[in-house]
Amino acid sequence: MLALVINCGSSSVKYNLIETTDETDVCRGIVERIGADKSIVKHETAGRKPLKYNKVIASHSEALHEIMNYLLSPENKIIDDISDIKAVGHRVVHGGEMFKESVLIDDVVKEAIEQAFDLAPLHNPPNLRGIEAAQERLPDIPHVAVFDTAFHHSLPPHAYLYGIPNRLYRRHKIRKYGFHGTSHYYVSQQYYKLKEKPKSQTNVITCHLGNGASITAIKGGESVDTTMGFTPLSGMVMGTRSGDLDPSILFYIVEKEELQLNSLHSMLNRKSGLLGISGYASDMRDLISKAKNGDRHCQQAIDVFCYHIKKYVSSYFGVMNGCDAVIFTAGIGENSPLIRKKALENMEYLGIEIDEKKNNEAKPGTASIISSDSSKVDVMVIPTNEELVIAIDAAKVASASDQSAWI
Ligand code: AMP
């Protein structure tokens, strides 16, 4: 089944057209800088030269039209008719407590996504804008919402409750939700398949290390704890996000720096993390190259990042009473042998031994084992594919809705 995956940010629309039966990417692309003087449009189609051009694109709705025109244009011959697309899957970051799984989008679902605006102000509003633009352009096709939070619905109360008055949870649903669910789910599934392990008897720790980063403990196939919390700001230090802080620091900063709440929000989300510590960059490649030239602050940012990985991975061994595999994924996890090595060195006590040669030779884009033969715990690099999870879920939900129409 041909499924279109849409991932909308505040000024971008990313898309993937995926054939779910054989899990192949037919075409993918992005419209960036929507609303700016010149938006950037990129399309990559299997077996063809990538296409990149500038065009004025004022809204998410115009971006969707641009994408559909490309897919439908007779010279590109990607699809003949809009009805070739059987499902549209939308990435929605925050599903609150309501959504345990992917759902067919109707007015009630849209209202629930809107109700979660306060919980994910940077993500849910553009996600909903994307849904509305896509529904307008593809009105007769089922649209499905796939939530970043859904995989973490299995978290037990002792993992999701914060130490604050319980009425705040009851009134405002303040609790840990967890994010990057489709990625943690995907790489754990790949591990069970590759190693032929029964998921019910397997414990894994998945490290999604990109600009945003989170680590999840998955016991018997279910997420039992994860580092991100009420919002994607908490847990380990990230590109520009602070990760966990002593909450008293916030009162202290507001007082000492005379900051408004919105400036504090922006500082913690956009100016902190690796960028904040290094004072130089949020991008790990830049930090590594500058640290090699002796920059102490860039080295400290790398040290903090790796220490956080070690700390959370170790604690999840205790949470699950042991672990079969640690899996690295996303931009940094898939591409940086240095970070993988530094994060998991001196962990032989827990049964983790990295093989330096295998680690250095792991090819980006392919699944590789990087632990030594004597390591009790498998350490693997597994490329993530969140879009495929969204496409498959969208196809499943769309087929089910199609069948129920006949009942
Ligand atoms: P993502 O958000 O998954 O696209 O990941 C982006 C992060 O991956 C950025 O910090 C990049 O610097 C980092 N990254 C990509 N390639 C490499 C690499 N070869 N070595 C280190 N970090 C990398």
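The values are calculated or read from the model by the stated rules, or taken from the named source; none is laboratory data. Every value quoted in this text rests on a predicted model; they were computed, and no experiment measured them. We place every Cβ from the backbone using ideal geometry, glycine too, and count neighbours over all the protein chains shown.
Residue count for segment 6-31, restricted to those that are touching a helix residue (DSSP H, G or I) at 6+ places or on another chain (Cβ under 9 Å) and either more than 18 Å from residue 50 (Cβ to Cβ) or charged (D, E, K, R) (or both): 13. Looking only at segment 379-402, residues that are more than 21 Å from residue 180 (Cβ to Cβ) and charged (D, E, K, R) come to 1 in all. The single condition among (1) farther than 30 Å from residue 326 by Cβ; (2) in contact with a strand residue (DSSP E or B) (Cβ under 9 Å, 6 or more places away or on another chain); (3) of a type in the set (Val, Ile, Thr) that residue 237 does not meet is (1). Could you tell me which residue of segment 255-307 is farthest from the ligand (Cβ to nearest atom), considering only residues that are within 15 Å of residue 211 (Cβ to Cβ) and of a type in the set (Ser, Thr, Tyr)? Filtering first and then ranking leaves 272.
Residue 261 falls short on exactly one of the conditions (1) farther than 21 Å from residue 179 by Cα; (2) crowded, with 16+ Cβ neighbours inside 10 Å, and that condition is (2). Within segment 73-84, restricting attention to residues that are of a type outside the set (D, E, K, R) and in contact with a helix residue (DSSP H, G or I) (Cβ under 8 Å, 6 or more places away or on another chain), the residue that is nearest to residue 143 (Cα to Cα) is 82.
With a requirement of 3 or more residues that are within 16 Å of the ligand (Cβ to nearest atom), of a type outside the set (Ser, Thr, Tyr) and under 30 Å from residue 302 (Cβ atoms), the strands (runs of 3 or more DSSP E) lying completely within segment 158-253 that satisfy it span 203-209. Listed conditions (1) modelled with pLDDT under 95; (2) within 16 Å of the chain's Cα centre (by Cα); (3) of a type outside the set (S, T, N, Q) are all met by residue 184, apart from (1).
In segment 192-204, the residues that are more than 9 Å from residue 324 (Cβ to Cβ) form no Cβ pair under 8 Å with any partner that is modelled with pLDDT under 95 and surrounded by fewer than 16 Cβ atoms within 10 Å (Cβ to Cβ), whether six or more places apart or across chains. Considered as a group, the residues in segment 65-107 that are of a type in the set (Asp, Glu) and outside any helix (DSSP H, G or I) include one that is farthest from the chain's Cα centre (by Cα), and that residue is 75.
Report, by residue number, each residue of segment 329-370 that is more than 24 Å from residue 282 (Cα to Cα), within 16 Å of the ligand (Cβ to nearest atom) and β-branched (Val, Ile, Thr). 366, 370 - these are the residues of segment 329-370 that are more than 24 Å from residue 282 (Cα to Cα), within 16 Å of the ligand (Cβ to nearest atom) and β-branched (Val, Ile, Thr).
Tell me, yes or no, whether segment 109-120 has at least one residue that is within 20 Å of residue 34 (Cβ to Cβ) and in a helix (DSSP H, G or I). Scanning segment 109-120 turns up at least one residue that is within 20 Å of residue 34 (Cβ to Cβ) and in a helix (DSSP H, G or I).
Cβ separations smaller than 8 Å between residues 6+ apart or across chains give the following pairs from segment 9-32 residues that are modelled with pLDDT of 95 or more to residues that are of a type in the set (Asp, Glu) and crowded, with 16+ Cβ neighbours inside 10 Å: 16/25; 16/387; 17/25; 18/25; 18/387; 28/387; 31/66. When the residues of segment 299-327 are filtered to those that are of a type in the set (Phe, Trp, Tyr) and more than 21 Å from residue 155 (Cα to Cα), the one that is farthest from the chain's Cα centre (by Cα) is 307. Within 15 Å of the ligand (Cβ to nearest atom), farther than 30 Å from residue 4 by Cβ and touching a helix residue (DSSP H, G or I) at 6+ places or on another chain (Cβ under 8 Å): does that describe residue 310? It is false that residue 310 is within 15 Å of the ligand (Cβ to nearest atom), farther than 30 Å from residue 4 by Cβ and touching a helix residue (DSSP H, G or I) at 6+ places or on another chain (Cβ under 8 Å).
Regarding segment 392-407, can at least one residue be identified that is away from the ligand (no atom under 16 Å from the Cβ), touching a residue at least 40 places away in the same chain (Cβ under 8 Å) and among the β-branched types (Val, Ile, Thr)? Within segment 392-407 (the criterion being away from the ligand (no atom under 16 Å from the Cβ), touching a residue at least 40 places away in the same chain (Cβ under 8 Å) and among the β-branched types (Val, Ile, Thr)), the answer is yes, since at least one residue qualifies.
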